[in-house]
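Okay, structure first, notes after.
The values are calculated or read from the model by the stated rules, or taken from the named source; none is laboratory data. Bear in mind that the values here come from a model prediction, so they are computed numbers and not experimental data. Heads up, the Cβs are rebuilt from the backbone with ideal geometry, glycines too, and the neighbour counts pull from every protein chain shown.
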Amino acid sequence: MNAPSIIGKYEVIGVLGRGGMGVVYKASDAHLGRLVAIKMLSIRCTEDPDLLKRFYREAQSTAGLQHPNIVTVFDFGEQDGNPYLVMEYLDGESLAGIIASRRYLTFAQKIGYVIEACAGLSYAHERGIVHRDIKPANIMILKNGAVKLVDFGISHIASSTLTRTGEFVGTLNYMSPEQIEGNVSLDQRTDVFSMGVVLYELCTSELPFIAGSVPAVVLKIMHDAPRPLASYPIAYPAELQSIIFRALAKNREERYDSVNELVVDLLRVYEQLTEESVSCDLQEAQSLQAKGDLKRAQELLQRLVKLNPRNKQAFSLLRDVRRKTGEEPQAEPECIDPDGTAATTPPAFQDIVRMAELKRALRRGTEAYDRGDLDAARRAADEAFKIDSDDTAVRALRRAIEVATQKIGDA
């Protein structure tokens, strides 16, 4: 099919990609003088009178997602019976392209990409939106290193038409067991499973569930455990297998409850890897400085400071190198750690960690309360209260514990 020259008010420049659900065009918004990406779906509204209404409803929800790790939707419409979404143009490549290229990535980079993608998912999940089609092709890595999720709501838009013909909505190799079954309401845990598949593939360069036919793949997803990471010739962080396998649990009740909980565990591994990397790179930077190779030392230190702005040792060494090269040294950031040199939780994820820890404390407190262990319930509730004293669920649990304690005292 030839590319249209005009879509709505946008001038088409070329084709960026083609997929099962449509074509993505590179286009120009002449009114605002900016490039955009337009995804035109292959589903025709004329074949389903209600489809355009559902498309607009989903598109409006997607357009309401404003987050650094989610592609921004500017506009949507319909042309010649085909609905389309107008999005920000992303200068980068998909994680699928990076995996296919066999490009070298450190484990810290791989885990960092997943953590960034989870930050976008967390934002969407809080607003009741489940992606349903998490896969490397829908995770964009920009040239500046930023991570963006794309195609929110696309599979949901198509679901009512495709399921009638028995086709899967989503990409089979990344689908959760409950998504394949299709007889339960999907929640955020289906995205947790798909993200587990992405992380497994990033670490091993192989899919965890792969076979020669669709039925065989379905059976593996539903019943087979993935190949252990230990069977691959890779040196992986010790905690990583248990994290991935929990994300890939067949029973969603045994999975991470949310991407926030997945991020908490991944951050521990990420920080450990980053700390080790920072330590090695600092030694290298000191060696380069001593040899008089100030340019390479400065480049290395700038990367370290960007990775962890609170690292006093890296920042002080960078200031020293800049003085020697005649550059104006920068003032220390207010958040700098005066004593430590280890990597710290990136500020962007601190809220995610806090929310996950709050949920874990609440769950422990509720479970202890249900089994009658009021002391354990009180300890967990107090822990949750320290995290967020204004949380309604925390206050309700503390009140329930007080009432139950009073009843025991009155008995």
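Which of (1) in a helix (DSSP H, G or I); (2) modelled with pLDDT under 95; (3) among the hydrophobic types (A, V, I, L, M, F, W, C) does Met195 not meet, given it meets every other one?
All conditions pass for Met195, except number (2).
Have a look at Leu248, Leu229, Leu304, Leu294 and point out the one that is within 18 Å of the chain's Cα centre (by Cα), surrounded by 14 or more Cβ atoms within 10 Å (Cβ to Cβ) and either on the phi < 0 side of the Ramachandran plot or not assigned by TED's automatic domain parsing to the domain that holds Leu186 (or both).
Exactly one residue qualifies, and that residue is Leu248.
Go through region 1-20 residue by residue and tally those that are out of contact with any Phe, Trp or Tyr (no Cβ under 9 Å at 6 or more places or on another chain), farther than 18 Å from Gly97 by Cβ and either aromatic (Phe, Trp, Tyr) or outside any strand (DSSP E or B) (or both).
Matching residues across region 1-20 total 4.
Can you pull out every residue in region 71-112 that is touching a helix residue (DSSP H, G or I) at 6+ places or on another chain (Cβ under 8 Å) and aromatic (Phe, Trp, Tyr)?
Across region 71-112, the qualifying residues are Phe74, Phe76, Phe107.
Of Pro233, Pro237, Pro208, which residue is modelled with pLDDT of 95 or more and outside any helix (DSSP H, G or I)?
Of Pro233, Pro237, Pro208, the one residue that is modelled with pLDDT of 95 or more and outside any helix (DSSP H, G or I) is Pro208.
With at pLDDT 85 or above and basic (Lys, Arg) as the only criterion, which of Arg303, Arg371 stands out?
From the options Arg303, Arg371, the qualifying one is Arg371.
Only residues that are surrounded by fewer than 19 Cβ atoms within 10 Å (Cβ to Cβ) and under 23 Å from Asp265 (Cα atoms): list them for region 360-384, please.
Result: Arg360, Arg363, Arg364, Thr366, Glu367, Arg379, Asp382, Glu383.
Does any residue of region 140-151 turn out to be surrounded by fewer than 19 Cβ atoms within 10 Å (Cβ to Cβ) and either at pLDDT 95 or above or in contact with a strand residue (DSSP E or B) (Cβ under 6 Å, 6 or more places away or on another chain) (or both)?
yes
Among (1) outside the structural domain of Tyr123 (by TED's automatic domain parsing); (2) at pLDDT 90 or above; (3) surrounded by 15 or more Cβ atoms within 10 Å (Cβ to Cβ), which single condition is Ala96 missing?
(1)
Across region 79-93, what is the number of residues that are crowded, with 20+ Cβ neighbours inside 10 Å and part of a loop (DSSP other than H, G, I, E, B)?
So the count comes out to 0.
Can you name the residue in region 114-129 that is surrounded by fewer than 21 Cβ atoms within 10 Å (Cβ to Cβ) and under 12 Å from the mean Cα position of the chain (by Cα) and is also farthest from Glu271 (Cα to Cα) among such residues?
If we take residues in region 114-129 being surrounded by fewer than 21 Cβ atoms within 10 Å (Cβ to Cβ) and under 12 Å from the mean Cα position of the chain (by Cα), then His125 is farthest from Glu271 (Cα to Cα).
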